[in-house]
1. Going by the conditions given, is residue 195 over 25 Å from residue 106 (Cα atoms) and surrounded by fewer than 24 Cβ atoms within 10 Å (Cβ to Cβ)?
2. Can you tell me which residue among 83, 77 is surrounded by fewer than 21 Cβ atoms within 10 Å (Cβ to Cβ) and either over 19 Å from residue 192 (Cβ atoms) or without any contact (Cβ under 8 Å) to a residue 12 or more places away in the chain (or both)?
3. Could you tell me how many of the residues in the range 43-59 are out of contact with any helix residue (DSSP H, G or I) (no Cβ under 7 Å at 6 or more places or on another chain) and either over 14 Å from residue 131 (Cβ atoms) or in a loop (DSSP other than H, G, I, E, B) (or both)?
4. Among the listed residues 15, 27, which satisfies the condition of being surrounded by fewer than 18 Cβ atoms within 10 Å (Cβ to Cβ), in contact with a helix residue (DSSP H, G or I) (Cβ under 8 Å, 6 or more places away or on another chain) and in contact (Cβ under 8 Å) with a residue 12 or more places away in the chain?
5. Pairs, please: C-beta under 8 Å, at least 6 apart or cross-chain, first residue without any contact (Cβ under 8 Å) to a residue 24 or more places away in the chain and on the phi > 0 side of the Ramachandran plot and in the range 100-122, second surrounded by 20 or more Cβ atoms within 10 Å (Cβ to Cβ) and in a strand (DSSP E or B)?
6. Among the residues in the range 1-13, are any touching a strand residue (DSSP E or B) at 6+ places or on another chain (Cβ under 7 Å), part of a loop (DSSP other than H, G, I, E, B) and either modelled with pLDDT of 95 or more or more than 26 Å from residue 117 (Cβ to Cβ) (or both)?
7. Restricting the first residue to the range 146-159 and requiring it to be on the phi > 0 side of the Ramachandran plot and buried (at least 23 other Cβ atoms within 10 Å of the Cβ), which pairs with a second residue that is modelled with pLDDT of 95 or more and assigned to a loop (DSSP other than H, G, I, E, B) meet a Cβ separation below 6 Å and a spacing of at least six or different chains?
8. Could you please give the count of residues in the range 189-206 that are more than 18 Å from residue 123 (Cβ to Cβ) and not in a loop (DSSP other than H, G, I, E, B)?
């Protein structure tokens with residue numbers, strides 16, 4: 001298709017134009033996204049969404065309350081006779097070409113319906129997904145995105161449902177593939193960046209970043225908010241010199257609970273890029289709290305990978321002192337140190353926790369008794385996500401379960 005078919009200059013006969021966010025308006029009758037679509041009839045706009053055109057026209061009012069009345073098939077995105085540029089697909093709601101995206105502050109209730117075949121190949125936007133950005137007051141609920149694919153450029157925040165969210169997402173899911181190119185970051189199967197709340201949601205599609213990519217997660221690329229009762233099952237992959245890759249989340253500085261990941265996590269060679277150059281079955285790099293969560297997928301890194309963990313690649317949660325009888329336990333910068341308070345013969349033990357160490361690879365803490373005559377070794381199983389490691393706090397117990 002000739003690119004001019006999607007240029008506003010080709011439709012001068014429709015009248016004078018004005019800009020509203022990322023939309024070009026021809027009087028009160030027509031609306032288009034310059035370079036990405038042909039004109040839509042503005043009269044198609046509705047807050048009750050029944051077709052693909054109405055879904056795209058949500059950009060007319062980003063503060064309205066919408067409902068999805070039925071399942072929508074997005075096959076028109078790939079048809080040359082359709083209204084979308086087949087090279088770029090659907091235009092993210094709130095998108096502005098080369099400019100920071102406008103936030104969606106309304107509500108969208110999917111009513112347990114699905115949108116199938118959503119395809120977005122956008123290399124100019126900063127936030128790429130069905131929604132570019134969801135603001136603090138925005139909510140999306142009860143929505144399924146089935147199949148399709150979303151691709152962004154190296155500077156984009158990318159997720160199938162939303163590039164970024166500061167609002168609320170509940171009972172929603174995505175099954176399509178999400179891809180960022182070389183030097184990409186903030187890539188998630190559902191959301192690229194979350195600083196809001198995600199509850200009861202999941203993603204199953206493959207998530208891929210190119211070489212020198214970072215912040216890649218099966219569900220969310222970077223989480224600074226709250227994620228509860230959610231999961232990811234798709235394969236998560238970064239190229240060479242990539243890092244901070246997790247089956248659920250690439251980097252977490254927020255709160256995660258009752259969530260899991262089961263897909264394989266893979267990074268290429270020399271993957272030491274990002275905060276910690278870390279790869280984990282659940283989270284690549286954690287500086288937040290994680291409770292009642294787990295991962296079961298394989299974690300694979302090439303030569304030169306700096307930190308790999310079955311659950312967490314690097315756990316850098318700063319915690320306060322904990323005590324085990326007379327022994328002092330200190331956790332600093334990912335290292336657990338057990339020291340005898342009165343110096344009566346116990347050797348200092350340092351357990352490096354960068355490669356999953358105490359939590360889920362080496363798995364053992366061996367403290368000494370105060371009296372040298374009572375040095376029988378005690379073993380404490382410390383698998384991450386269990387009862388003994390919660391909110392970054394270590395609790396040491398008798399083998400029979402009695403707390404010291």
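1. Numbers: over 25 Å from residue 106 (Cα atoms): no; surrounded by fewer than 24 Cβ atoms within 10 Å (Cβ to Cβ): yes.
It is false that residue 195 is over 25 Å from residue 106 (Cα atoms) and surrounded by fewer than 24 Cβ atoms within 10 Å (Cβ to Cβ).
2. Details: 77 fails: surrounded by fewer than 21 Cβ atoms within 10 Å (Cβ to Cβ).
Residue meeting the stated conditions: 83.
3. Filtering the range 43-59 down to residues out of contact with any helix residue (DSSP H, G or I) (no Cβ under 7 Å at 6 or more places or on another chain) leaves 43, 47-48, 50-51, 55-56, 58-59.
Of the ones still in play, those that are also either over 14 Å from residue 131 (Cβ atoms) or in a loop (DSSP other than H, G, I, E, B) (or both) are 43, 47-48, 50-51.
Within the range 43-59, residues that are out of contact with any helix residue (DSSP H, G or I) (no Cβ under 7 Å at 6 or more places or on another chain) and either over 14 Å from residue 131 (Cβ atoms) or in a loop (DSSP other than H, G, I, E, B) (or both) number 5.
4. Numbers: 15 fails: in contact with a helix residue (DSSP H, G or I) (Cβ under 8 Å, 6 or more places away or on another chain).
It is 27.
5. Partner pairs satisfying both residue conditions: none exist.
6. From the range 1-13, those touching a strand residue (DSSP E or B) at 6+ places or on another chain (Cβ under 7 Å) are 6, 8, 11; that's our starting set.
Narrowing further to those that are part of a loop (DSSP other than H, G, I, E, B): none.
No, the range 1-13 has no match at all.
7. Partner pairs satisfying both residue conditions: 148/117; 148/118; 148/176.
8. Residues meeting the conditions: 8.
The values are calculated or read from the model by the stated rules, or taken from the named source; none is laboratory data. Just so it is clear, the model here is predicted, and its values are computed rather than measured. When we count neighbours, we look across all protein chains shown, and the Cβ atoms used for this are built from the backbone with ideal geometry, even at glycine.
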